[in-house]
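Before any comments, here is the structure.
The values are calculated or read from the model by the stated rules, or taken from the named source; none is laboratory data. As the structure is a computational prediction, the values presented were derived from the model and not from experiment. Note that each Cβ is placed from the backbone with ideal geometry, even for glycine, and that neighbours are counted across all protein chains shown. When the accessible area is computed, the model is the full protein with side chains, heavy atoms only, and any ligands, DNA or RNA have been set aside. Shrake-Rupley method; radii C 1.70, N 1.55, O 1.52, S 1.80 Å.
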Amino acid sequence: MRHFDSVQLASIELFCKAAELGSFTAAAEGLGITPASVSRSIGRLEARLGVRLFARTTRSIKLTCEGELYYQHCQQALEQISEVERMITGDQHSPSGTLRISVGTPYAHYRLLPLLPKFQAKYPQIEIELNISNRVIDFVEEGFDLAIRLGIPKDSRLIARTLEDATLGVFAAPEYLKHYAEPKTVAALDQHQCIQFILPSTGRAMPWIFKDSHGNDFNYGFKSHRRVYDDVMGCLTWAKAGGGLFQIYHFIAQPAVERGELVEVLTTLTPRTRRFSILYPQNRHMSAKIRIFVDFLMQEIAALQHHAS
């Protein structure tokens, strides 16, 4: 077993700070030492490991592949040390640190963001960094603590807990329905302008999903001249403007329905659902900030669902 003295541990802390800030100078300023001290410390660390952790130019530093791997594990280890210190000093009820979260656009705007002020008021020492995007991410490699995604991931490195099975409906603007008869069956959608969202991950249209008269699930596939790429919320805005029909979650459409901007059609069909999950790394030790946020979000989403029903 390799033993670490205080100097080696300090070098690791300096390395993590420099990697986090992307600058020896910024790390030095944050820690109250000189940039030369940071450079020498990291140089000793690289010599001990026998690898280059940073690729250096006269203007910038960038983690090497080995540096990326080392940073991920060292940062996790330092967080675990901090967590243990909080536990043994009785400060475990005041979690702190940065929580990096990746979430898709619809869930961010209509579920997560409205809940964050309540979380931040309760846990002011936790800093939130959000990546709001529909792109495919490498959860672990990009260093996220949590992610919220549709479905259940195939990545064995992650644990998935169900947030909700969100129901879907088909909606249109009243202005659109003045010009097109309201559809009464799924087959009638062929006579309508339907807005499609093209999935960034596959380049294919997201199918509309329904249940038949026997309760069996089926996908409605169609080709539309009205397609939106990258930002699914563009489909909703287009539908509200009278551009056509669009299938979206009830929790997203409901505010627009209440304002009279949208009308739900095909209401006699049993609604289909899509599952949203909260994901986090499958580590032996789950930090307090992650555990607290997961518990908070699951409780708040459950409360919203109860209120809606």
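Of all DSSP beta bridges confined to the chain, the antiparallel ones make up roughly 65%. Overall, the anisotropy analysis places region 118-164 in the prolate class: the square-rooted eigenvalues a ≥ b ≥ c of its C-alpha gyration tensor yield a/c not less than 1.5, with a/b exceeding b/c. For region 40-190, a/c is not less than 1.5, where a ≥ b ≥ c are the root eigenvalues of the C-alpha gyration tensor, and a/b tops b/c. That puts it in the prolate class. The figure for Lys211 is an accessible area of roughly 50 square angstrom, using a 1.4 Å probe on the protein chains alone.
Here the chain exposes an accessible surface that is 52 percent carbon and sulfur, computed with a 1.4 Å probe and the other protein chains kept in place. Specify the inter-centroid distance of region 242-309 and region 35-70, based on alpha-carbon positions, in whole Å. Cα centroid of region 242-309 versus Cα centroid of region 35-70: 43 Å apart. Rounded to the nearest 10 degrees, the inclination of helix 113-122 to the longest alpha-carbon principal axis of the chain is 40 degrees. In the context of the full set of protein chains, the chain has a per residue accessible area of 56 Å² (1.4 Å probe). Heavy-atom accessible surface of Arg291, to the nearest 10 Å², is about 100 Å², with a 1.4 Å probe and all protein chains retained. Stretching Ile209 away from Thr162 to a fully extended chain increases their span by 14.9 nm, per 0.36 nm per residue minus the current alpha-carbon distance.
Annotation: lysines with alpha-carbon distance below 19 angstrom to Lys240 (same-chain offsets under eight excluded): Lys178.
For His73, His192, His307, the ranking by accessible surface with the largest value first comes to His307, His73, His192, using a 1.4 Å probe.
Comparing Gly32, Gly104, Gly203 in a Gaussian network model of the chain (Cα springs below 10 Å), the most mobile by mean-square fluctuation is Gly32. Given Leu49, Pro174, Gly234, which one lies farthest toward the positive end of the charge dipole of the chain, if we put +1 on the Cβ of every Lys and Arg and -1 on the Cβ of every Asp and Glu? With unit charges placed on the Cβ atoms, the residue in question is Leu49.
The magnitude of the dipole of the chain, with charges of +1 and -1 set on the Cβ of Lys/Arg and Asp/Glu and taken from the Cα centre, is near 460 debye.
Here the mean projected area of the convex hull built on the C-alpha positions of region 131-199 is 7.2 nm². Taking a ≥ b ≥ c as the square roots of the Cα gyration tensor eigenvalues, region 1-71 comes out oblate, since a/c reaches at least 1.5 and a/b does not exceed b/c.
If I fit a long axis through the Cα atoms of helix 6-21 and take the longest principal axis of the Cα atoms of the chain, what angle between them do I get, 0 to 90°, rounded to 10? That works out to roughly 40 degrees. The heavy atoms of Thr167 offer some 50 square angstrom of accessible surface to a 1.4 angstrom probe.
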